[in-house]
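Just below is one structure, and these are the notes that go with it.
The values are calculated or read from the model by the stated rules, or taken from the named source; none is laboratory data. Being a predicted model, the structure only gives us computed values, none of them experimental. Ideal geometry is used to build each Cβ from the backbone, glycine not excepted, and the neighbour counts take in all protein chains shown.
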Amino acid sequence: MNKQTVLDTQIKSDTLSIGGKTFHSRLMVGTGKFSDFETMKEAHKKSGAEIVTVAIRRIDINAPGHVGLLDAIDLKRYWILPNTAGCQTKDEAIRVARLSKAMGLNNWIKLEVIPDAKYLLPDPIATLEAARELVEEGFVVLPYINADPVLAKRLEEVGCATVMPLGSPIGTGQGVRCAANIDIIIKQSKVPVVVDAGIGVPSEASQVMEMGASAVLINTAIACANDSPLMAEAFKLGVEAGRKAYLSGRIPVKEYASASSPVEGIIDSRQI
């Protein structure tokens, strides 16, 4: 089997495995900030995503403006990733996770513990403590964290199914401000690394996929775009391009130029 055949086979069989489930898309999407449910549904479709994250507090049937959210998501098509958005303490996050399981969604939880109202940065200590308890209770835990390689390793050691470092603060669109740390996390992790938050355009999603990230989670960049479905499709293509580039293997970075055409057999103009 030649090199190209091996690569083609690898690309065709390339899947994402989390918590014993297999997915073909490496783009996860959110449900917040869309102008309406129809726009959200079309964006989800165009994204090609298979995992959709939903804040537990948003599926409270008594919450104004939230009625019908789950009805707008095809539960046969998408795997729901419940999240603990809005929780400021370990105890709040654990309580919301238990509520999610009691509602019968599944045993997955995107763990968010964010006491910081201005920058929305996650609490590393509370996140680790909550993750340990939830793993012991049988949850498939996907923790949202700062791009901290030491914390990422500790979360992996307590049994988290992934680690989800931020590229930059939530909703800022600042892009990948933590590339060096994310690179370390990718290199040392034995669980999937999902870059979550701060990514503003598909090229930034492609960047982290080229680095070897397992997936990206995009919400604001799609939901708040002028054309959400079109942006969702663009992110789909960006993620796919980045993944294929990673699998293909980039050329080494060189200090000096290297001609792309062979020098052998070049006609010497002095002999003409």
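What to note about this one:
- Within segment 70-85, residues that are more than 18 Å from Lys45 (Cβ to Cβ) reach partners that are at pLDDT 90 or above and of a type in the set (Gly, Ala, Ser) with beta carbons closer than 7 Å, at six or more positions or on different chains, in the pairs Pro82/Ser100; Asn83/Ala55; Thr84/Ala93; Thr84/Ala97; Ala85/Ala55.
- Within segment 5-27, residues that are surrounded by 14 or more Cβ atoms within 10 Å (Cβ to Cβ) and of a type in the set (Phe, Trp, Tyr) reach partners that are assigned to a loop (DSSP other than H, G, I, E, B) and at pLDDT 65 or above with beta carbons closer than 6 Å, at six or more positions or on different chains, in the pairs Phe23/Glu50.
- Test: residue in segment 141-153 that is out of contact with any Ser or Thr (no Cβ under 9 Å at 6 or more places or on another chain), touching a residue at least 60 places away in the same chain (Cβ under 8 Å) and under 17 Å from Ala215 (Cα atoms): no
- Given (1) at pLDDT below 95; (2) touching a helix residue (DSSP H, G or I) at 6+ places or on another chain (Cβ under 8 Å), number of the condition Ala215 does not satisfy: (1)
- Scope segment 161-181; condition farther than 20 Å from Ser203 by Cβ and in contact (Cβ under 8 Å) with a residue 40 or more places away in the chain; matching residues: Ala161, Thr162, Met164
- Segment 231-248 residues that are closer than 11 Å to Arg26 by Cα and in contact (Cβ under 8 Å) with a residue 60 or more places away in the chain, paired with ones that are among the hydroxyl-bearing types (Ser, Thr, Tyr) and surrounded by 19 or more Cβ atoms within 10 Å (Cβ to Cβ) (beta carbon under 8 Å, 6 or more apart): Phe235/Ser47; Lys236/Ser47; Val239/Ser206
- Gly171 falls short on exactly one of the conditions (1) over 15 Å from Val239 (Cβ atoms); (2) in contact with a strand residue (DSSP E or B) (Cβ under 9 Å, 6 or more places away or on another chain), and that condition is (2).
- Scanning segment 22-43 for residues that are assigned to a loop (DSSP other than H, G, I, E, B), closer than 18 Å to Asp196 by Cα and touching a strand residue (DSSP E or B) at 6+ places or on another chain (Cβ under 8 Å) returns Ser25, Arg26, Gly30, Thr31, Gly32.
- Listed by position, the helices (runs of 4 or more DSSP H) enclosed by segment 86-191 that each have at least 1 residues that are in contact with a Leu (Cβ under 8 Å, 6 or more places away or on another chain) and buried (at least 18 other Cβ atoms within 10 Å of the Cβ) are 90-102, 124-136, 149-157.
- Segment 130-170 - residue that is in contact with a Cys (Cβ under 9 Å, 6 or more places away or on another chain) and polar (S, T, N, Q) and, of those, modelled with the highest pLDDT: Asn146
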